[in-house]
Each structure stands twice: as C-alpha cells, then as structure tokens.
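Worksheet: the structure to be examined is printed underneath.
The numbers here are math on the coordinates, done by the rules we state, and not lab data. As the structure is a prediction and not an experimental result, all values here were calculated from the model. Positions of Cβ are generated from backbone atoms using ideal geometry, with glycine treated the same way; all protein chains shown enter the neighbour counts.
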Amino acid sequence: MKLFNTLLMLHSLILVSCPGFTQKASFDVVSFSVPAGWQQQQNEGGIQLSVTDQKTGAYAVALITKATASGTTANQNFKTDWQKLVKASVQVSAEPAMLEPAKENGWEIISGTANYTDGPQKGLATLLTATGGGQMASVVLMTNSDQYQNELLAFINSLELTKSASTLINNPTAAPVKEHSNASILGLWVRYTIETSGYSNGLAQPSGGYFRKEYTFFNDGTYLFRMKNWAVYVKEIQYVYETGSWKLDGDQLTVTPRQGKGGWWSKSASGRTNEWGSLVKSGNWKLEPVTYTFKLHYYSGSNETHLILQSASPTEREGEQENHTLSFAPREIGKSLIDNPPGVKTGFENKR
C-alpha cells in the first residue's frame, strides 16, 4: 500500500527478505496478508494478529479495528485511538512522531509512532487511523524486538482499504437498501460489544462479559428497544426494555416511547452468562422522545449496511457516546442475543 511506504523511512529499516505469508485476508474495510505462523484472534470489535518467541520473549502484535461511525476530523480520530488503543495498554512517555497525512480511496490516513514500555519490556508502537465517509478504522502495530521487523513491514505494505462508505452508499449496486424510506430501517438492529479485562502484550483480553443493545422497527410504526449488560466486574445483570412508535421525516428518525421497564437481576449460581438469577431491584427508566439524525452506511468488508443514529444530546438508551452517535448492525429477526428475564414480557414476543 503506497501510503504506508513512508513508514519504512520513518523507522529507517530496509526490507531485506520477504517472509512467508498466507493468502490475502480481509476484515471489514481493510484487507491484508497474514505472516506465516502468526496467530489470529477475532471478536466483534476487531482482529488481532500476533507472534511470540517463547525462548526470548520477543513479540509482535497487529490489531485492525472494525470501522465505526465518526463525525470528527481525522486528527481527532487519531488522538482518540492513540489514547484508547496505545496509551491504555502500554506506557508511552512522549508524543508520537507524526507523518504527513495521506489519502486513499476516499480515506484520510493519519499515522504516528512512539517508543513504549510494558513492565520490563520496551518496544515501538505505531498507529494508523483512516477516516472517511462518516466512519473510521485503525491499525495498531506493537513489537518489543527487531526480530519481526520484516514481517511487520511486509504486513504494512500489504494493507489495502476499500472505498469509503461515502462513495459506496450512493452506489445502488453496493448498497441495495434505499436511504430515507420507511423500509430502510425495518427489522432488527444490534450493537453487541464484549467486556475486556485489560491488555497483555498489546492484546485485549476478553473477560467473558458483554454489553448488548437492540432496536427492532416494525412496519406498523412501533418499535422495541432492549438492553442487557452482563459484566464480570458488576454484581448484577442489568436489563431494560422500551416500546413505542417511530416515524421518519427525511433523515430524521423520531422515536416516541410509551412504556418501559428496567432492573437488576442476580447472576445464576452456575455463573453462566446465558442464565438468570432472581430480581434484585427494579429501576426507574426515563421515557425520552428523541429525534435522531440517521444514516445508512454500507461496509464492504462485512457486506452490511449499518444504521447510524446521532442525537443532539445524550439519551438514557444510548448513554454517553462520542458525538452522541451509535452504529447498529443488521441481524435477522428471531436471532436476537438478548433474552428476557424470567417473568418479564414486553408484549412484542411474537411480533414480526
């Protein structure tokens, strides 16, 4: 990838050999080649590639994040992910050395690198953040040794970005869903994220917990919102449901709740995340009529059109989010990963 060639100059390294690679792979909006022998781990938020020398303790990590909605600048996105993906996992004492911005396929790429420490380990971290079409994605590289420099540099050169969503959303063959029509938002839309317990060698460590939100929009103008949070580090399970009506007007989606309930349940004695204990306490759930600005963005990597909702201020449904914006992925009705607590009925159980 031409835009990443400047990284070779930055690190003053020369690619003297071509390590073995598996066939070209892709994740969301990024395609890449995996170095032979590297391990892969994928979750809802990204894919991690890593290799470790058990004898010397040398390691290298590459993390590719899933594209998410963004309404800020490329520079701000880089700063946000530098804090979240780099400084949250290792100790960085200096500001990153920045490269000149680059553009490709409708994306603006900001990149920088810095030395880090991770306990007794010392290494080099590089972050590349691509912004375009109302979304962003990042690639993080970390290594504590020059043992894997050839694999990392070849990996960087293999990176390719698909065309940004701003181009694809206007292409009727790429995005078959018509924007700003009632039919465009019918169905189940989900936001499923996993809980992590921190980082090890730059790798996020899943805890087994999860956070889930769902909207289901029905063709009779009603909707069902549900939320379930099963966190390892929280004693109880949180569950909320809300029902009401919805209406589209151009790019404005108004939801008007009519009823809703929330509460906290104990976890089951077995500790299984798909089981419930008993009701601990009910909670007040604020019924907020909200008008969202909505967009539909097509992600070629996953071949999905996501629903992007942005409110003027924080809502209890979405919580505190950057720019008050959340992205929801489509999912087939009937395949929700949220189950109701024992005895709870929303009134929409058999609705299609």
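List of remarks:
- Estimated inter-spin distance, GLN91 and LEU337, nm [label 7 Å along Cα→Cβ]: 3.5 nm
- Neighbour net charge for LEU224 - beta-carbon separation under 10 angstrom, K R +1, D E -1: -1
- Orientation-averaged projection of the range 273-344 equals 7.3 nm² [convex hull of Cα atoms, one quarter of hull surface area].
- Take every pair of alpha-carbon atoms less than 8 Å apart whose residues are at least six positions apart; their mean separation over the length of the range 35-99 yields a relative contact order of 18 percent.
- Amide H contacts of GLY46 (H built 1.01 Å from N, in plane; Pro and chain starts excluded): LYS66 sit under 5 Å, all sequence-distant by 5 or more or on other chains.
- Legend: calculated FRET efficiency, PHE218 to GLN39, from the Cβ-Cβ distance at R0 = 51 Å, rounded to 0.05, equals 0.75.
- Of the trypsin sites (Lys or Arg not before Pro) in the range 230-278, those whose Cβ has at most 16 other Cβ within 10 Å and which sit in DSSP loop: LYS235, ARG272
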